[in-house]
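Here is the structure we will look at, set down as structure tokens.
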Amino acid sequence: MKMKYCLLLILVAVLCYVLIALKHVITAMVAHLAGLTDPLQVKGTTLRNRIVMPPMQSGRASFEGAVTNRLINFYVRRSVATGLPIVEHAYVSLKGRLSLKQLGIYDDCLIDGFEKLASAIHSVGAPAVLQITHAGCVTNKHVINAQPAGPSASGKARALEKSELDEIAEEFALAAERAVKAGFDGVELHGAHGYLLCQFLSPLLNKRTDEFGGQLEGRMQFPLLVTKRVREVLKEKVLLYRVGADDLAPNGTCVEDAAVFAVKLEQAGVDIIDVSGGMCGAEPKQLRHVTGYFIPQANAIKKAVNVPVIGVGGITEAEYADKLVQDNTVDLVAVGRAMLSDAQWSEKALETLKN
């Protein structure tokens with residue numbers, strides 16, 4: 001009797017293993033069958049295709065950071081056939097402003113303009129997502145009328161006090177709340193390109209000796225604090241995080257660190273991970289000749305997480321972007337400068353892939 005019972009347990013265990021393996025095979029097959037033109041559903045929001053317009057500062061906001069008609073027209077033209085347009089980085093605090101005529105979402109008086117922007121993007125059938133940011137130590141006193149601050153003292157910047165970190169996390173949460181009130185479907189936290197969240201993750205700038213610095217575990221703490229605060233505010237809305245996955249510098253953030261961080265972001269409630277450069281910026285000089293220059297980092301992170309991953313990097317051809325999705329290298333493809341120069345890039349890409 002005991003022998004039969006043991007054999008039955010073994011049989012059940014083997015069957016469970018086979019079913020789990022079959023599930024992974026089917027999931028991989030479905031992912032493999034998807035292409036750039038296929039829809040993707042994320043947390044109740046449907047993306048009609050896998051084309052992403054990444055956030056790119058256009059300089060079309062007012063000097064107060066408000067939405068203008070020029071800015072609305074800029075996004076409407078590029079959202080007509082795009083699956084996921086992400087509106088350029090909006091500063092969450094006057095102290096986090098990078099430059100003049102940058103978009104801002106630091107005050108309730110700006111919500112009306114964002115309502116018009118979100119409504120205009122929705123009118124052409126696309127979801128509206130807003131990237132929110134804080135420049136940290138890379139801004140300057142002439143822009144913010146104060147001394148810049150970052151994770152550590154460096155150059156003309158001072159180190160942020162621990163009490164200030166909680167204040168900034170709250171500013172991110174309030175900015176996300178404004179985006180929700182304005183009708184946006186989600187927000188993206190800007191943790192790349194050398195801005196504040198990226199500065200905390202990178203050992204090149206984060207020299208703190210408290211719990212927000214030191215080894216990777218400590219350097220992740222402030223970005224994760226911000227992520228959790230924003231996740232609470234967004235509720236059912238979509239949360240994206242743009243990861244600075246590689247500083248491209250000795251002793252800087254590497255893709256292995258970024259993959260560990262990406263897992264933590266997923267656990268904190270991030271729905272889509274957008275992979276780009278770290279302290280090296282969005283368009284590193286040494287990689288400009290390479291098509292899809294941050295795709296290897298995106299693929300490495302995709303292997304570590306279960307949420308959709310966006311890949312980017314000088315991509316201009318629809319066929320190449322389609323192959324990245326078909327090969328399950330990434331789930332979505334961001335096309336920046338090509339879309340900046342050609343507002344109809346998405347429409348032309350979809351037409352190309354039909355033929």
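Points worth noting:
- Check on ALA304, under 14 Å from the mean Cα position of the chain (by Cα) and among the small types (Gly, Ala, Ser): no
- Residue match in the range 67-81 (condition: more than 30 Å from TYR320 (Cα to Cα), surrounded by 24 or more Cβ atoms within 10 Å (Cβ to Cβ) and over 18 Å from the mean Cα position of the chain (by Cα)): yes
- Of the residues making up the range 228-282, those that are more than 15 Å from the chain's Cα centre (by Cα), part of a loop (DSSP other than H, G, I, E, B) and among the β-branched types (Val, Ile, Thr) number 1.
- ILE310, sole failed condition from (1) surrounded by fewer than 17 Cβ atoms within 10 Å (Cβ to Cβ); (2) in contact (Cβ under 8 Å) with a residue 40 or more places away in the chain: (1)
- Of residues in the range 82-104 being surrounded by 24 or more Cβ atoms within 10 Å (Cβ to Cβ) and of a type in the set (A, V, I, L, M, F, W, C), the one farthest from GLY125 (Cα to Cα): VAL92
- Each residue in the range 283-298 was checked for being among the polar types (S, T, N, Q) and within 15 Å of the chain's Cα centre (by Cα), and 1 of them qualify.
- Long-range neighbours under 6 Å by Cβ, at least six apart or interchain, first residue among the polar types (S, T, N, Q) within the range 82-100, second assigned to a strand (DSSP E or B) and at pLDDT 95 or above: THR82/ILE51; THR82/MET53
- Qualifying position, being in a loop (DSSP other than H, G, I, E, B), modelled with pLDDT of 95 or more and of a type in the set (Val, Ile, Thr), among THR37, THR46: THR37
- Enumeration of residues in the range 88-120 that are hydrophobic (A, V, I, L, M, F, W, C), outside any helix (DSSP H, G or I) and either touching a Cys at 6+ places or on another chain (Cβ under 9 Å) or under 15 Å from ASN69 (Cβ atoms) (or both): LEU103
- Output for the range 234-282, where each listed residue is buried (at least 24 other Cβ atoms within 10 Å of the Cβ) and polar (S, T, N, Q): THR253, SER276
The values are calculated or read from the model by the stated rules, or taken from the named source; none is laboratory data. Note that the structure is predicted; figures quoted are calculated from it, not measured. Cβ coordinates were reconstructed from backbone atoms using ideal geometry, including for glycine residues, and neighbour counts include every protein chain displayed.
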